[in-house]
Amino acid sequence: MDFAPSISSFVAGFPNFIIQLGAALGLFIASLFVYAIMTPHKELALIRAGNPSAALAFGGVVVGLAIPLGACLTYALGLLDVVIWGVVTLLLQILAFRFADIFLRGLPRRIAEGDVAAAVFLMSVKIGLAIIIAGAIADPNMSIMRRMG
């Protein structure tokens with residue numbers, strides 16, 4: 001069995017893989033940091049104190065950011081696509097928090113007080129939005145363009 005084509009493909013693609021993975025991880029960590037700063041309640045401090053609602057809400061952010069970034073890595077034409085969609089994802093997740101706060105008045109206070117129902121609702125909104133964003137990123141025309149290029 002000839003492994004040369006596989007090894008050659010790996011060697012050719014590995015640098016691009018590292019660059020895109022690094023960009024996506026950087027955006028992921030930066031987005032989590034920005035989100036934690038922008039939310040009125042301090043989720044990480046609440047998690048350290050054992051607040052399950054804060055853990056659920058922040059877990060929704062983690063998953064809600066990872067799903068579209070993963071889709072972006074799948075469908076991106078290059079590094080710029082990853083960066084653009086990473087920023088769009090962060091902005092939409094912040095808007096999702098604001099939407100959930102409008103729908104459930106006093107969401108930051110409720111999460112800080114340990115209201116699990118409010119945290120599960122917020123988590124569901126974030127993960128649901130992430131799945132929709134990931135689907136929107138998965139433009140079927142991108143696959144066609146790749147085959148042509």
All but one of (1) part of a helix (DSSP H, G or I); (2) in contact (Cβ under 8 Å) with a residue 60 or more places away in the chain hold for LEU73; state the number of the condition that does not hold. (2)
Determine if the stretch 115-130 includes at least one residue that is farther than 24 Å from LEU21 by Cβ and among the basic types (Lys, Arg). no
Going through the stretch 85-136 in order, the residues found to be without any contact (Cβ under 8 Å) to a residue 24 or more places away in the chain and under 12 Å from GLY60 (Cα atoms) are PHE121, GLY128
Please count how many residues of the stretch 6-32 are surrounded by 13 or more Cβ atoms within 10 Å (Cβ to Cβ) and of a type outside the set (Val, Ile, Thr). 9
If you go through the stretch 33-53 one residue at a time, how many are in a loop (DSSP other than H, G, I, E, B), surrounded by fewer than 17 Cβ atoms within 10 Å (Cβ to Cβ) and touching a helix residue (DSSP H, G or I) at 6+ places or on another chain (Cβ under 9 Å)? 2
Of the residues in the stretch 92-149, those that are of a type outside the set (A, V, I, L, M), at pLDDT below 85 and more than 19 Å from HIS41 (Cα to Cα) number 7
Here is a list of conditions, (1) at pLDDT below 85; (2) β-branched (Val, Ile, Thr); (3) under 29 Å from GLY114 (Cβ atoms), and VAL82 meets all of them except one; can you say which number that is? (3)
Checking ARG98 against (1) exposed (fewer than 15 other Cβ atoms within 10 Å of the Cβ); (2) among the charged types (D, E, K, R); (3) assigned to a helix (DSSP H, G or I); (4) more than 18 Å from the chain's Cα centre (by Cα): exactly one of these is not met. Which one? (4)
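Quick grid of which residues meet (1) of a type in the set (Asp, Glu); (2) closer than 13 Å to LEU27 by Cα:
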{"site": "SER53", "(1), (2)": "no, no"}
{"site": "PHE58", "(1), (2)": "no, no"}
{"site": "LEU65", "(1), (2)": "no, yes"}
{"site": "VAL87", "(1), (2)": "no, yes"}
{"site": "LEU92", "(1), (2)": "no, no"}
{"site": "ASP101", "(1), (2)": "yes, no"}
{"site": "ARG109", "(1), (2)": "no, no"}
{"site": "GLY114", "(1), (2)": "no, no"}
{"site": "ALA119", "(1), (2)": "no, no"}
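The values are calculated or read from the model by the stated rules, or taken from the named source; none is laboratory data. Quick caveat, the model's predicted, so the values are computed rather than measured. Glycine also receives a Cβ, built like all others from the backbone with ideal geometry; neighbour counts cover every protein chain displayed.
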